[in-house]
1. Just to be sure I understand the filter: pairs with C-beta atoms under 8 Å, separated by 6 or more residues or on different chains, first member in the range 63-89 and at positive phi, second member open to solvent by 10 Å² or more (accessible area, probe 1.4 Å). Which pairs pass?
2. From the set of residues in the range 87-139 that are open to solvent by less than 70 Å² (accessible area, probe 1.4 Å) and aromatic (Phe, Trp, Tyr), which is farthest from HIS44 (Cα to Cα)?
3. For PHE72, which of the numbered conditions (1) over 27 Å from ILE121 (Cβ atoms); (2) open to solvent by 10 Å² or more (accessible area, probe 1.4 Å) fails to hold?
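The values are calculated or read from the model by the stated rules, or taken from the named source; none is laboratory data. These figures come from a predicted structure and were not determined experimentally. FYI the Cβ positions are ideal-geometry reconstructions off the backbone, even for glycines, and counts take in every protein chain you see. These accessible areas exclude ligands, DNA and RNA; they are computed on the full protein's heavy atoms, side chains included. Shrake-Rupley method; radii C 1.70, N 1.55, O 1.52, S 1.80 Å.
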Amino acid sequence: LDDVHIRAMRLVSDEVNDHGGRFPREEHERLCELVIDSPVLIGHDRSRLPVARNFAARCVDEGDRHWVEVWFYWLRGDGPHHDQLAADIDAGVVKEGSIGFEFALPQCSICGEDIRTCEHIPSFEYEHNGATQTAHYEYRNIIRVLETSLVYRGATPNTRIVKYPLFTKLAR
């Protein structure tokens, strides 16, 4: 613990993201399993080596949202992404996250078919079963987590680094 910084990130929720996709709750446990030992990058930049590593994940309920929270660590010291990254996170300069992943089926929220081949378009409204619904797709059959990233703006609304009292104790 003396050699590393540890932080947690609310990475994805069950809310529709900026791409028109949504991680349904029933996929969250699988996502928690797959994210373990995946690298943490800056801005999805795969041309550079990781700055941190994910080591734990859990599902968290917060209000009416269900989140996948990921815990990650990186080295303390003078490197470009060591103590300065911790300071930037703790000051709120770096505070949002994103995920790179592979999945098998983008399932339409209106008809349940593959949204790549059905007639519905994400973010458009449709009459369905007597109500107006906005189409989106569900990320189904998640195959692999490629990486998580610290980003300037996450696609999932309200993604963020979470502060726990443990982090304050470890920083002393």
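1. From the range 63-89, the pairs are GLY77/ASP83.
2. TYR126
3. That leaves (2) as the condition not met.
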